[in-house]
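The values are calculated or read from the model by the stated rules, or taken from the named source; none is laboratory data. Here the structure is a predicted model, which is why all the values come from computation and not from measurement. Quick reminder, even Gly has a Cβ in these numbers, built from the backbone with ideal geometry, and neighbours come from all protein chains shown. Ligands, DNA and RNA are stripped out before the accessible areas are found, and what is left, the full protein with its side chains, is counted by its heavy atoms. Shrake-Rupley method; radii C 1.70, N 1.55, O 1.52, S 1.80 Å.
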Amino acid sequence: MLKIYNTLAREKQVFTPIVAGKVGLYVCGMTVYDFCHLGHARVMVVFDTVSRWLRTSGYEVTYVRNITDIDDKIIKRANENGETITQLTQRFIDAMDEDSAKLGVIRPTIEPKATEFVDGMISMISALIDKGFAYVADNGDVFYSVNNFAGYGKLSGKSLEDLRAGERVEVDTHKKDPMDFVLWKSVKPNEPSWDSPFGGPNGGKGRPGWHIECSAMSSQLLGKHFDIHGGGQDLQFPHHENEIAQSEAAHSEAVRVEATHSHDGQPCQMVNYWMHNGFVRVDDEKMSKSLGNFFTIRTVLEQYDAEVVRFFILRAHYRSPLNYSDQHLDDAKAALNRLYTALRGLSVEAVAIDWQQSQAASFKVAMDDDFNTPEALAVLFDLANEVNKTKSLASAALLKALAGLIGLLQRDPDEYLQGQANANISADEALNVDQLIIQRNEAKLSKNFAEADRIRKLLADAGIILEDSSLGTTWRRA
RNA sequence: GGCGCGAUAGCAAAGCGGUUAUGCCGCGGCCUGCAAAGCCGUUUAGUCCGGUUCGACUCCGGAUCGCGCCUCCA
């Protein structure tokens, strides 16, 4: 029985889908104006793992992860680079696909781009205006009137009073209330725009605000009411709060609710379960673009194997903070090496998992408990120990099969152990290693241990570790 | 200032009201020509102060410290 920590309820809840056997999952994806950093990697890996586990649990999952390809930063960056917006966004979408593939992330079912859903956004904004939840300001911007939505703050736990008390929002004279947020930005010089019926000084021309994108795309692709919505913790407020306000107001029966806190429409819940993953940190501070303390995925992959990075992410619970450092990555690498080492030299075949088997059952209990990957990984180490002791092919097959469910341990162990990190060994180099191993074994046979140790040292200095066993000598990268 | 989250051994990180988490590192042993890998054993815990309880790392209250959101942000 799968339990999910629901931010909306602030507790773990048994997961019950809206339609039996099916799950609609929406995750806020990237704004594509730069390379993805490790924070983005965490979102991708975490929700990849969530969707994998839901599928393993027998659900037919429709996983939507959007791409924000129109926004202030994108426009600014494209202008700086002297390229078109499409050139810029396509470049970074390609880079993102490349990075996520390396991390073992399965492509979401649908990856909608905001620019392809502007019509839906416009009709949603129109509905909000018609129902009295939004208004056109004198400059042509369209704002959402937060006072008119009684449930505002239910996700983030903030009340309008609290928000006003700590108000740091710049006063926009076009807004009726400082908390109101923009749905449609009236066109400005040198900016792309779409036609709309909202009127104003620019005849309605403009572009959508960020929040409306997700409301429009999620409702069009998954329906007005769907199962799970995920994203980083920083999106909880205001982004997700605003999505709820938009979607539930637009889809409710309430019409023309004035500035009261009671709208009497039919309840029209947008999402049943809200999931938020924790941040990646550097020196105990959030990794972010604005702080400038971020590491891009591709930078990290120059130094570490992508599977090590995935393992590093899964080693912590998805809601916990995750500190990034070389030491932690090295630690993750050593741990993953242990798992691969256990599988080395065994011909492991793909098997169907027997969920009655005790370790498989423990793995399932862990994953069913709000995707507790650290505990699930502990089960894998238990199996690795068993494989090391008994060389049981059944245990090895189970280890590989369970790990595969969370996107780990699917490569050939030797290939992983010998080719990891930046040093993709060349054929020449491999041949050289093999020759040196033969020379060393000859030296060993003639009891010339000084020569044998010299060769081992030579290779060790080149980052290659030799391991003798009854089956012969093998090597791996340090 | 408002709201929220966290504090576990040298490092990382989980569960659990009483029974070995797990990985890395350290130490002892086995194995090995010696190593490495592996196996066996083992040292380091639960920020502080109260309370509940036969019993608390686990529940409750308080303090301290750290982090996040309140502005674009995964």
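Descriptive notes on the structure:
- Of all the criteria given as (1) free of Cβ contacts under 8 Å to residues at least 24 places away in the same chain; (2) within 10 Å of RNA strand B (Cβ to nearest atom); (3) touching a helix residue (DSSP H, G or I) at 6+ places or on another chain (Cβ under 9 Å), the one not satisfied by residue A:390 is (3).
- Among the residues making up the stretch A:175-184, those that are over 15 Å from residue A:124 (Cβ atoms) and either within 15 Å of RNA strand B (Cβ to nearest atom) or buried (at least 21 other Cβ atoms within 10 Å of the Cβ) (or both) are A:175, A:177, A:178, A:179, A:180.
- Output for the stretch A:349-360, where each listed residue is in a helix (DSSP H, G or I) and surrounded by fewer than 14 Cβ atoms within 10 Å (Cβ to Cβ): A:358
- Restricting attention to the stretch A:432-442 and to residues that are surrounded by 13 or more Cβ atoms within 10 Å (Cβ to Cβ) and β-branched (Val, Ile, Thr), the residue that is farthest from RNA strand B (Cβ to nearest atom) turns out to be A:433.
- Residue pairs whose Cβ atoms lie under 9 Å apart, sitting 6 or more positions apart in sequence or on different chains, and linking a residue in the stretch A:59-81 that is more than 15 Å from residue A:121 (Cβ to Cβ) to a partner that is in a helix (DSSP H, G or I) and of a type in the set (S, T, N, Q), are A:61/A:51; A:63/A:51; A:64/A:218; A:74/A:89; A:78/A:86; A:78/A:87; A:78/A:89; A:81/A:87.
- A single member of A:99, A:94 is of a type in the set (D, E, K, R) and touching a residue at least 12 places away in the same chain (Cβ under 8 Å), and it is A:99.
- Scan of the stretch A:337-370 for residues that are more than 8 Å from RNA strand B (Cβ to nearest atom) and of a type in the set (A, V, I, L, M), ordered by number: A:339, A:343, A:346, A:348, A:350, A:351, A:352, A:353, A:360, A:361, A:365, A:367
- Scanning the stretch A:1-59 for residues that are farther than 17 Å from residue A:288 by Cβ, of a type in the set (Gly, Ala, Ser) and modelled with pLDDT of 95 or more gives A:20, A:21, A:24, A:51, A:57, A:58.
- Single residue of A:471, A:445 found to be out of contact with any strand residue (DSSP E or B) (no Cβ under 9 Å at 6 or more places or on another chain), more than 9 Å from RNA strand B (Cβ to nearest atom) and closer than 17 Å to residue A:344 by Cα: A:471
- Any hit, the stretch A:209-226, residues being among the acidic types (Asp, Glu) and more than 29 Å from the chain's Cα centre (by Cα): no
- The residue that is farthest from the chain's Cα centre (by Cα), among those in the stretch A:361-413 that are part of a helix (DSSP H, G or I) and polar (S, T, N, Q), is A:390.
- Enumeration of residues in the stretch A:187-234 that are among the polar types (S, T, N, Q), in contact with a Gly (Cβ under 8 Å, 6 or more places away or on another chain) and buried (at least 24 other Cβ atoms within 10 Å of the Cβ): A:196
- Count of residues meeting criterion [under 23 Å from residue A:101 (Cβ atoms), within 12 Å of RNA strand B (Cβ to nearest atom) and assigned to a loop (DSSP other than H, G, I, E, B)] in the stretch A:290-330: 5
Condition check ((1) part of a loop (DSSP other than H, G, I, E, B); (2) surrounded by fewer than 20 Cβ atoms within 10 Å (Cβ to Cβ)) across all residues:
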site	(1), (2)
A:63	no, no
A:70	yes, no
A:73	no, yes
A:83	yes, yes
A:94	no, yes
A:101	no, yes
A:108	yes, no
A:117	no, no
A:126	no, yes
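- Subset tally (residues that are at positive phi, open to solvent by less than 50 Å² (accessible area, probe 1.4 Å) and either basic (Lys, Arg) or outside any strand (DSSP E or B) (or both)) for the stretch A:444-478: 1
- Single residue of A:155, A:163, A:103 found to be under 29 Å from the mean Cα position of the chain (by Cα), more than 24 Å from residue A:26 (Cα to Cα) and of a type in the set (A, V, I, L, M, F, W, C): A:163
- Filtered by the rule that a residue be among the polar types (S, T, N, Q) and within 30 Å of residue A:224 (Cα to Cα), the stretch A:272-319 gives A:272, A:277.
- Matching option when the condition is of a type outside the set (D, E, K, R) and modelled with pLDDT of 95 or more, among A:399, A:431, A:445: A:399
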